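Below is one structure, written out as structure tokens; comments come after it.
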Amino acid sequence: MQLTGKEIVQEGIITNYDEKNSIQQQGLDVRLMKVNKFIGTGYIPAQGKTQLPQYEEIIPEHHTDTGGEEHNIWYLPQGYYEVQMIEGCKTPINRVFDLKSRSSLVRCGAQIVCGQFDGGFETEHMGCFLRVDNSEGIFIEWGARVAQVRIHQSSDVDNPYNGQFQNDKQRS
């Protein structure tokens, strides 16, 4: 069973969401906060902890439009980026979720790539990856809704997540 946006809010699974614009019929939209480029390689051993590549933050450019409104915008050339969202999560042990690209992002030639968020996982800012396929690149504004959380019920409540990425401890 997939939760509705209202059910996600009622259960308090996603933190820091935009109450006015994020609640959708079948999920909750999440907003882009940070973009990092890869500057190294990672290593996934047969046993033991994953060693992440190094990342370097890409700072958005500051723009003022003709109406005087200020905007922070990234230009991202074709490539693969690690991204963080404004929203965080407190995943109950009987829930599991992922992030799916919003159609507006796909229409601009980019996609969210995301693993599964297991029951018991918590973080202040959810992370995933952004693949820009458009050969011309893409412009994305800070705070833009780029993905939607889709949460499902899980019957396995005996094995909550307690891995190396719990509460962003690997990123410290």
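Express the carbon and sulfur contribution to the solvent-accessible surface of the stretch 44-94 as a percent, rounded to the nearest whole number, probe 1.4 angstrom.
Carbon and sulfur together cover 48 percent of it.
Which cysteines does the chain leave without a neighbouring Cys Cβ under 4.7 Å?
Unpaired cysteines in the chain: Cys89, Cys108.
Once amide H atoms are placed 1.01 Å from N in the peptide plane, what residues at a sequence separation of 5 or more from Ser154, or on another chain, have their amide H within under 5 Å of its amide H?
For Ser154, the qualifying residues are Arg95, Val96.
Residues of the stretch 58-111: accessible area per residue at 1.4 Å, in Å²?
Dividing the accessible area of the stretch 58-111 by its residue count gives 54 Å².
Taking the alpha-carbon distance from Lys49 and a cut-off under 30 Å, which lysines remain once sequence neighbours fewer than 8 residues away in the same chain are dropped?
Reachable lysines: Lys34, Lys37, Lys90, Lys100, Lys169.
Keeping every protein chain in place, order Tyr81, Tyr75 by accessible area at 1.4 Å, biggest value first, i.e. largest first.
Result, largest first: Tyr75, Tyr81.
Below 8 Å, C-alpha to C-alpha, sequence gap of six or more: please give me the relative contact order for the stretch 69-124 in percent.
43 percent
Using Cα centres only, tell me the gap between the stretch 71-144 and the stretch 1-32 in whole Å.
Cα centroid to Cα centroid, the span is 15 Å.
Using a 7 Å offset from Cα along Cα-Cβ at Ile23, what residues in the stretch 84-104 end up with backbone N under 18 Å from the label point?
Those under the cut-off are 87-88.
May I ask you to give the solvent-accessible area per residue for the stretch 1-48, in square angstrom, as obtained with a 1.4 angstrom probe?
On a per-residue basis, 62 Å².
Starting from the alpha-carbon convex hull of the chain, give the projected area averaged over all orientations, in nm².
11.4 nm²
Ignoring everything but the protein chains, give the 1.4 Å probe accessible area of Ser155 in square angstrom, nearest 10.
120 Å²
Rounded to the nearest 20 debye, what is the charge dipole size of the chain about its Cα centre when +1 sits on each Lys and Arg Cβ and -1 on each Asp and Glu Cβ?
380 debye
Do the sum for the chain: with -39,500 (n - 2.57) for every DSSP H run of n ≥ 4, divided by all residues, what is the mean residue ellipticity at 222 nm, to the nearest 500 deg cm²/dmol?
It lands at -1500 deg cm²/dmol.
Mind listing the long-range amide H neighbours of Gly27? Cut-off is under 5 Å, sequence gap 5 or more, other chains count too, H placed in the peptide plane at 1.01 Å from N.
Gly5
The values are calculated or read from the model by the stated rules, or taken from the named source; none is laboratory data. These figures come from a predicted structure and were not determined experimentally. We place every Cβ from the backbone using ideal geometry, glycine too, and count neighbours over all the protein chains shown. To get the accessible areas, we keep the full protein, side chains included, count just its heavy atoms, and leave off ligands, DNA and RNA. Shrake-Rupley method; radii C 1.70, N 1.55, O 1.52, S 1.80 Å.
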